[in-house]
Structure formats: C-alpha cells, structure tokens
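Scroll down for the structure; my scribbles are underneath it.
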Amino acid sequence: AAKRGSSGVMVYHEQLDSGSSQTLSLLSDLQRAIGAGELRVFLQPKIALGSGELVGAEALLRWQHPTRGMVPPLDFIPFAEQTGFIRHLTLWVIDEILRISPQLAAQGHALSLAVNLSTRDLMDLELPDKIGERLARFAVPPEALKLEITESAIMDDPQRAESVLARLHAMGLPLSIDDFGTGYSSLAYLKRLPVKELKIDRSFVMHLDREDGDHKIVRSTIDLAHTLGLEVVAEGVENLAIWQVLRGLGCDLAQGYFVSRPLPADQFEAWATAWPQQ
Ligand code: C2E
Ligand code: CA
Ligand code: CA
Ligand code: CA
C-alpha cells in the first residue's frame, strides 16, 4: 500500500501488504519474546590491531524462537523499525549491556560496549534522558556505552537526529558511524556530528586481501578517519591475511569471525578472560 507519510512524501509499506493480521501476530510474538526470555544479547569483541588487546564489544540481538528456531536480526529488526517497536528493543538491549558491563569490569575487563541505534531511536527526543536514567541506575560511566549509528538512520530527519546525538555526546557517550561507505553524504555527516569512531562496513573488508579496489577504499578511509582524529574499526575480518593487511594500513580496531563470532554474554566473559591465549 502506498501511503502519504507525515512529510507528505509517498511511503511504501511493504509489511502491511502481506496482511495486517500477520503484522500484528509478529508484533505480539516479539512482545511475548521479551517476556519469555527468547531474546538474547550476543557480544562480539573489538580488538586493537596494534597491541592485540581486547578493548570493546558490539551488542547484537538474537531471537531464539520456540518454533522458528534462531531468527536472524535482519528478519525482525526492519519490521521492528517499521512498527516502532524497535524503541523497546533498543532500551532492552541497553539494559542488558548495562547489567553486563559492571560484571565484566569486576573481572578486569573495562570494555566499551556498543549498541546499534535505529532511525526511530534517533527521532525520540527523550532518548538521552532514558539513557541517562539507566546509566545512573546501573552505575555505569557514560564512556562505557558506545552508540553505533548508520548514516541512513540520520537521513530521515537530520536536524532532529543531530539534536538527540548532540545531547548524548554532551552526556559523554561516544558515537560511532556504522556501515561507513554504504550510505550517502558520508563526509557531510562526519564533519557535522561529534563522532569518535568510524566503522568500515564488512562489504569493503571481506575481500580486502584479494580486491585491489577494496584495498584502496579501505586505505583511504583509514587515512581520512585519522586525519579527522577518529578511531577506525574494520568489521568482517574473517582471516589472518585481512588482519595483517589492516594492521599494515594502521587500522585501529578489528572485529570479525577471525577473532570471534558474536557470543552469548556468559561465553563472552570466559572468552575475554582467555584472550589472547587461544
Ligand atoms: P551491523 O551493525 O553491521 O553488525 C555487524 C554484522 O556483521 C553482524 O550481523 C555480525 O554478526 C556480522 N559479522 C561480524 N563479523 C563478521 C565476519 O567476519 N563475517 C561476516 N560475514 N559477518 C560478520 P548480525 O548480528 O546478523 O546483525 C545484522 C545487522 O542487524 C547489524 O549489522 C545491525 O544493523 C542489525 N542489528 C543487530 N542487532 C541489533 C540491535 O540490537 N539493534 C539494532 N537497531 N540493530 C541490530
Ligand atoms: Ca553495528
Ligand atoms: Ca555493517
Ligand atoms: Ca548495520
């Protein structure tokens, strides 16, 4: 169904075409899933390429559905974004990582834990207060909670997103630009937003050791980020060859299957303690 959005622009609602009863059932299924403990936060390590030190982790949502099995995030997050339910999911993920963060710190792992934000989150003018209240409740310093934001999430209403992000930045939360290179107007946002980190999308990283074009893009992106004073993370580091190329290029951090797949929180704790002896 083509509908007129609040901006007057025609918006195409894909999900609603498949029948609103199906939409409602997925929505109630998701609401039920939170209460039933079917949603899990997995953590994937971010490693400093120079020192080999574990410095952080990204929180990635997993849904262990009783009949559908493991539902990948791309099968429910776009839907959660369309319905607005993502705002509940985001706060749930934040609560989970704020609960885990002090446990990790107590074991000597003072890590920067990152959560992915969506457009809907950035449209919520109360998000900074909601996050501030949670940081206080869990006694976690703002520097320990990183926010990963895609350029497309800012696009909807850049002014509003920027005002939300400016407040979060002022509160001391580090911001990271996610999927860098896959959106548009990348450079304009880099200049305007108070970001600390830039993540190179895995589509540029995965074949870095074999594709000359990818190598050039990654090299220039690292140089650009450093010129702007930002830390660079490469995601999708799948093998030693890619790891070594990135190290040679001066990339700061690596994240990918070569180091570890995303792990359930309890397994992550054990993994962090064993690193780098594995
Ligand atoms: P993303 O933010 O770009 O996250 C990185 C994705 O790359 C994750 O997929 C991760 O498992 C995968 N990955 C990491 N290392 C490798 C590697 O070496 N090789 C390959 N092939 N893949 C690797 P995942 O967990 O399936 O998540 C997909 C996307 O779903 C995420 O992309 C993010 O956009 C979204 N997502 C996941 N969890 C959340 C969440 O809690 N909130 C929001 N808003 N979005 C989320
Ligand atoms: Ca991310
Ligand atoms: Ca990505
Ligand atoms: Ca993404």
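See the values below:
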quantity	calculated
Boolean, Ser152 is within 27 Å of Val218 (Cβ to Cβ) and either over 16 Å from the mean Cα position of the chain (by Cα) or modelled with pLDDT under 95 (or both)	yes
Selected residue (criterion: farthest from ligand 4 (Cβ to nearest atom)) from residues of region 195-209 that are open to solvent by less than 10 Å² (accessible area, probe 1.4 Å) and out of contact with any Gly (no Cβ under 8 Å at 6 or more places or on another chain)	Leu208
Filter result for the condition that a residue is assigned to a helix (DSSP H, G or I), of a type outside the set (Val, Ile, Thr) and open to solvent by less than 20 Å² (accessible area, probe 1.4 Å), over Ala254, Ala225, Ala241	Ala225
Which numbered condition Glu126 misses (of (1) open to solvent by 10 Å² or more (accessible area, probe 1.4 Å); (2) in contact (Cβ under 8 Å) with a residue 60 or more places away in the chain)	(2)
All positions within region 75-118 that are open to solvent by less than 40 Å² (accessible area, probe 1.4 Å) and hydroxyl-bearing (Ser, Thr, Tyr)	Thr90, Ser101, Ser112, Ser118
Selection status of Lys216, more than 15 Å from ligand 4 (Cβ to nearest atom), open to solvent by 60 Å² or more (accessible area, probe 1.4 Å) and within 16 Å of the chain's Cα centre (by Cα)	no
Enumeration of residues in region 108-146 that are at positive phi and of a type outside the set (A, V, I, L, M, F, W, C)	Gly108
Among the candidates Ala144, Ala161, Ala170, residue that is of a type in the set (A, V, I, L, M), surrounded by fewer than 20 Cβ atoms within 10 Å (Cβ to Cβ) and more than 16 Å from ligand 2 (Cβ to nearest atom)	Ala170
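The values are calculated or read from the model by the stated rules, or taken from the named source; none is laboratory data. Predicted model only: the values in this text are computed from it and were never measured. Please note: Cβ atoms are built from the backbone with ideal geometry, for glycine as well, and neighbour counts cover all protein chains shown. Accessible surface is based on the protein model in full, side chains and every heavy atom, while ligands, DNA and RNA are left aside. Shrake-Rupley method; radii C 1.70, N 1.55, O 1.52, S 1.80 Å.
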